[in-house]
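A short reminder: the numbers here are calculations on the coordinates, not readings from a lab. As the structure is a computational prediction, the values presented were derived from the model and not from experiment. Backbone-built Cβ (ideal geometry, glycine too); neighbour counts: all protein chains shown.
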Number of protein chains: 4
Amino acid sequence: MENLKAFALICSLTPSPEPSSSELMANHILAELSKNGVTTSSARVVDHNVAPGVKTDMGNGDEWPGLRQRILDADIFLLSTPIWMGHPSSLAQRVVERLDADLAETNDQDQPIMYNKVAVVSVVGNEDGAHKTVADMMQALNDIGFTVPAQGGTYWVGEAMQAVDFKDLDEVPENIAHSISMLARNAAHVAKSLKVASYPPE
Amino acid sequence: MENLKAFALICSLTPSPEPSSSELMANHILAELSKNGVTTSSARVVDHNVAPGVKTDMGNGDEWPGLRQRILDADIFLLSTPIWMGHPSSLAQRVVERLDADLAETNDQDQPIMYNKVAVVSVVGNEDGAHKTVADMMQALNDIGFTVPAQGGTYWVGEAMQAVDFKDLDEVPENIAHSISMLARNAAHVAKSLKVASYPPE
Amino acid sequence: MENLKAFALICSLTPSPEPSSSELMANHILAELSKNGVTTSSARVVDHNVAPGVKTDMGNGDEWPGLRQRILDADIFLLSTPIWMGHPSSLAQRVVERLDADLAETNDQDQPIMYNKVAVVSVVGNEDGAHKTVADMMQALNDIGFTVPAQGGTYWVGEAMQAVDFKDLDEVPENIAHSISMLARNAAHVAKSLKVASYPPE
Amino acid sequence: MENLKAFALICSLTPSPEPSSSELMANHILAELSKNGVTTSSARVVDHNVAPGVKTDMGNGDEWPGLRQRILDADIFLLSTPIWMGHPSSLAQRVVERLDADLAETNDQDQPIMYNKVAVVSVVGNEDGAHKTVADMMQALNDIGFTVPAQGGTYWVGEAMQAVDFKDLDEVPENIAHSISMLARNAAHVAKSLKVASYPPE
C-alpha cells in the first residue's frame, strides 16, 4: 500500500514566520503521524487569501482551491486551531465554511467527496475552551463526511485566567504527549482501514 | 429599599455533607454579594428529588416546586455547576429543563415570570470547559427571562488534563477573586436597577 | 463473522410506555441497522434508576451497571436525545457522566475499554439545537474512545419557535430518511472494520 | 436624556449590495429599537477590511478601528449573524476576536471600556443552530463587559435540512415578530437604566 498522506491546516491568527502555538501543536502531531508511516505537510490559513463564502472557488484571487486540493489529496486532515473567546478561531470557522460546499460535491460512488478520509482536531489556548472547540470542529468535519478515530481530539490550555502559551512551555506535558501519540496511531489505523475498505455506496 | 435577595443552586453530583467545589465557588460569590448588601441562601440540587420533566410540578414527591419558589423569591439567581465531559452537569441541565415551564408562566404585567431577575453563572472543574458551560447556562437562563450583568460568569479550572479540584487550592487565585468581586457588584447593581424600574409591559 | 450488535440509549425525559420522539428516531435508525445485518436493542434511560456520579457503579440500587454492560456487549452505541433549552437532555448528560469512569477502565490491550466501538448520535426537538447537541455528545463519546463514522449524527427539528414533535409527523421527511440510511450503513461499515482490525496497542 | 444609540454589525458572508438575511433580521430589530426612541445605524463586516488579530488596530489598512468606534459611540450593540455548519459565521467570530482587546482597555472608572453598554444577538439560517450561535456570541460579548437584557437573543431558522432563507419568507412569522419586539423593548430599558446609573467602580 502507498504511504498514507496527512495534511494540516493551522488556523492561527498570526502569519508566518512568527511562531504559532497551534502550528507547534500540529507539528508534534505530524511528527507522530510520520512515525506511523504517514507522509505529512501543512499550511497556515492566514498566509493565504481565503475568501469568505460557501463555494469551492470564490474567484478574485481566492486561494482556497489550492488548500482544498491538498485536503482532497490527503487521507488524514488535521485542523489545528487556537481558542479565542472560548471558540475556534475565525480562520478555523472559515475553513469549515469553505468545506460546506463539499457536501454537494460527490466522488465516483456518488458519496460526498470528503468520505473515506479521517479528520482529527488539535486545540491550544492560554486557558479554557478546548473541549468546546474540539466539539465544534469535530461535528462540522464529521458532517462533511470525515471519519473521527477514537480520541481524535487533543489540546493544551493553561490554568483559568492565565496567559502562558503552549509555545512557551519547556516541554510537552506527559499527558498531552501521550494523547498526541494515541491520536496519531488511531488516525493512521482508521485511514488505513478506509483505504482497504471504503464506505459502501447506496 | 428592602434588601436584595440571592439564591444559589449548586449542581454538584455529590450530596451533602461531602465537600463540593461548586458549592465552595458559590459560597465565595454569595459572600461577595453579602458585602453588597444582599441576603443570600443556597441549596444543592442533588440533595433534593428533582424529577425529570418540563412541568413546574411533576408530582410524586417532586421537590422542584420548593426550589423554584426560592428562585421566585430571589432577585439574583446563581447557578453554580461543575464541568463533566466539557459540559454543565446533568443536574444543571435538569434545572434549566425545569425552568423551561416558566416561559409559559406570567407575572401581573403578562411577562414571563422570571423577568426582572438577574442570573449569574459559576463553573469549576479539574480542567477545561468553563466558557462553554457558562455559555450554555447563560443562554438558557437569559432565554427564560433573566438579565445577565456585565461579566456575569466566573470560573476556575486547572491546566489541561490535570486533576486538582478548586476545593484543593490553598487560596482563590487573585484573578478569580477579582472576577468574583466584579460579578457580585455588577449583579447587585443590575438587580437594584430592575427593582427601581422593571421591564415595561407590551 | 458473528453479527454486529447495536445498543441504543434513549434519553427522553418521558418514561415508557408514553410515546417518545427520541425513541421513534432511534427505532428508525435501529431498523436501518437491521437491514445492514446488525442485531439491535434499546432502553430508555428514564425507565431506570441511573444515579448521579462518575463511578461505574454508585451502589444503592444504581441501575447504570446493567445499561453499561449492554454498551460493552455492543459494537455500535446509539445515543438518542431530545433537545431542551438548546442542549442534550439531562439524561443524555447523565449517560456521558457515567461513561467518564470508563476512561480509567482498560481492555486486555491496555486501551480505554470503549475502544473498537462505534458511536452515533440522533437528536429530535420541536425546534433548533440539533447540531450543537450532536457536537456535545459526539465530542464526549469520542473522548471516551468511541469512533465516529462519516456523518454519524442525524436529527429532526421543526421551524424556529414551533411546537410540532417528530412523533407527530405523518412520515419521516425524505432528507432525514436519507441521512438515517447513510448513518446506519456507515456505522455498520466502521464497526465491521474495527472487528476485522482493532486499534493497535501502544 | 439624549436619545439612546444602537449600532448593528451584520456578519453575513455576502458583500453589499447583495441581499442578506442577517441584515434583514438586523433591520427588523433596528426598526423596533427606533420605535423605542433609539437612533440606529449598521454596517456589514464583510464590506470592510477587518484584519485577523487581537489588537484594537492591526495596521496596514485595518478597518476595524472605525467599526469599533461606532460600537464605543453606541449604547446598544447588535450582533447579527448567519449560521454556517451550526456556528456563528467566521466574521462574527472575527468581531469577538477583535473585541478581545477591549478587555484591557478601561474607561475613566477603571472598568473594561465596553461596560455600561447592552448587547443583543440575532441569528438566521436555513436550518438549526440558532440557540448555540446565540450562546457563543452572548457569552463572548458578556465576557467583554456588555450587559444582556432579558431574552436578548432572537432568531429564525427553517425545518431540519431545508434550504429556505429568512429573506425568502413572505412575512416575519408571528412568534419571531413578538420576540423581536420584546428584545428591542428590553434592550432599550436596560440601556436607559445603565445611562441613569452606570456600574459602580471597585
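Of the beta bridges DSSP finds with both residues in the protein assembly as shown, what % are antiparallel, to the nearest 5? Percent antiparallel among DSSP bridges in the protein assembly as shown is about 10. To the nearest ten degrees, helix B:90-99 and the longest principal axis of the Cα atoms of chain B are 10 degrees apart. Pairs from the list C:Lys117/D:Lys132; B:Lys55/B:Lys132; D:Lys5/D:Lys192; B:Lys192/D:Lys5 with a Cα-Cα gap above 22 Å: C:Lys117/D:Lys132; B:Lys55/B:Lys132; B:Lys192/D:Lys5. Straightening the chain between C:Asn107 and C:Ser34 buys 23.5 nm, computed as 0.36 nm per residue apart minus the Cα-Cα spacing. Among rounded, prolate and oblate, which fits the range B:4-196 when a ≥ b ≥ c are the square roots of the eigenvalues of its C-alpha gyration tensor, a/c under 1.5 means rounded, and a/b larger than b/c means prolate? Verdict is oblate for the range B:4-196.
Copy-to-copy label distances for C:Thr39, where each label lies 7 Å from Cα along Cα-to-Cβ, are 4.5, 6.4, 7.5 nm in order of increasing length.
Checking every one of the GluC sites (Glu not before Pro) in the range A:110-179 against DSSP loop status and a limit of 13 other Cβ atoms within 10 Å picks out A:Glu171. What separates the A:Lys167 label point from its copies, with the point 7 Å along Cα to Cβ, is 3.9, 4.1, 5.5 nm, written shortest first. For B:Glu159, nonlocal amide neighbours, meaning residues 5 or more places apart or on other chains whose placed amide H falls under 5 Å from its own, are A:Glu159.
The amide H of C:Tyr199, built 1.01 Å from its N in the peptide plane, has C:Asn116 as neighbours under 5 Å, considering only residues 5 or more places off or on other chains.
What FRET efficiency do you get for D:Glu171 and D:Glu18 if R0 is 25 Å and r is their Cβ-Cβ distance, rounded to the nearest 0.05?
The formula returns an efficiency of 0.70 here.
In terms of surrounding Cβ atoms within a 10 Å radius of their Cβ, D:Asp136, B:Asp165 rank from fewest to most as B:Asp165, D:Asp136.
Rounded to the nearest 0.05, what FRET efficiency do D:Arg70 and B:Lys195 give with R0 = 30 Å and r taken as the Cβ-Cβ distance? Could you check?
Efficiency at R0 = 30 Å is approximately 0.40.
Report, to the nearest 10°, how far helix C:130-144 tilts away from the longest principal axis of the Cα atoms in chain C, using its own Cα long axis and a range of 0 to 90°. Approximately 10 degrees, to the nearest ten.
Net charge dipole, the range C:4-196: roughly 520 debye, given to the nearest 20, about the Cα centre with Cβ charges of +1 for Lys and Arg and -1 for Asp and Glu. Going by a ≥ b ≥ c, the root eigenvalues of the Cα gyration tensor, does the range C:63-141 fall in the rounded group (a/c under 1.5), the prolate group (a/b larger than b/c) or the oblate group? In terms of gyration-tensor shape, prolate. Distance from the C-alpha centroid of the range C:142-202 to that of the range A:3-70: 29 Å, rounded to the whole angstrom.
Using the rule -39500 (n - 2.57) for each DSSP H run of four or more residues, divided by the residues of chain C, the 222 nm mean residue ellipticity is -12000 deg cm²/dmol. The rule of thumb for compact globular proteins, 2.2 N^0.38 Å, goes into the C-alpha radius of gyration of the protein assembly as shown 0.88 times. The rotation axis that maps chain A onto chain B passes nearest to the beta carbon of this chain A residue, listed with its distance in whole angstrom: A:Lys132, 2.
In nanometres and ascending order, the distances from the C:Arg70 label point to those of the other copies are 3.5, 4.7, 5.6 (point 7 Å from Cα along Cα→Cβ). Restriction of the GluC sites (Glu not before Pro) in the range B:33-111 to DSSP coil positions whose beta-carbon has at most 16 other beta-carbons within 10 angstrom yields B:Glu63, B:Glu105. Computed from Cα atoms, the angle from the helix A:174-196 axis to the main principal axis of chain A rounds to 0 degrees. Indicate the gyration tensor shape class of the range A:1-72 (rounded, prolate or oblate), computed on the Cα atoms with a ≥ b ≥ c the square roots of the eigenvalues: a/c under 1.5 is rounded; otherwise a/b larger than b/c is prolate and the rest oblate. Note, shape of the range A:1-72 comes out oblate. Across the range D:50-58, computed HN-Hα scalar couplings (Karplus, 6.51 cos²θ - 1.76 cosθ + 1.60, θ = phi - 60°) run 9, 6, x, x, 10, 10, 5, 9, 8 Hz from first to last residue, x flagging Gly and Pro. Under a 5 Å amide H cut-off, with hydrogens placed 1.01 Å from N, B:Ser42 pairs with B:Ala8 among residues at least 5 apart or on other chains.
Normalised by the number of residues in chain D, the mean separation of alpha-carbon contacts (under 8 Å, six or more apart) gives a relative contact order of 23 percent.
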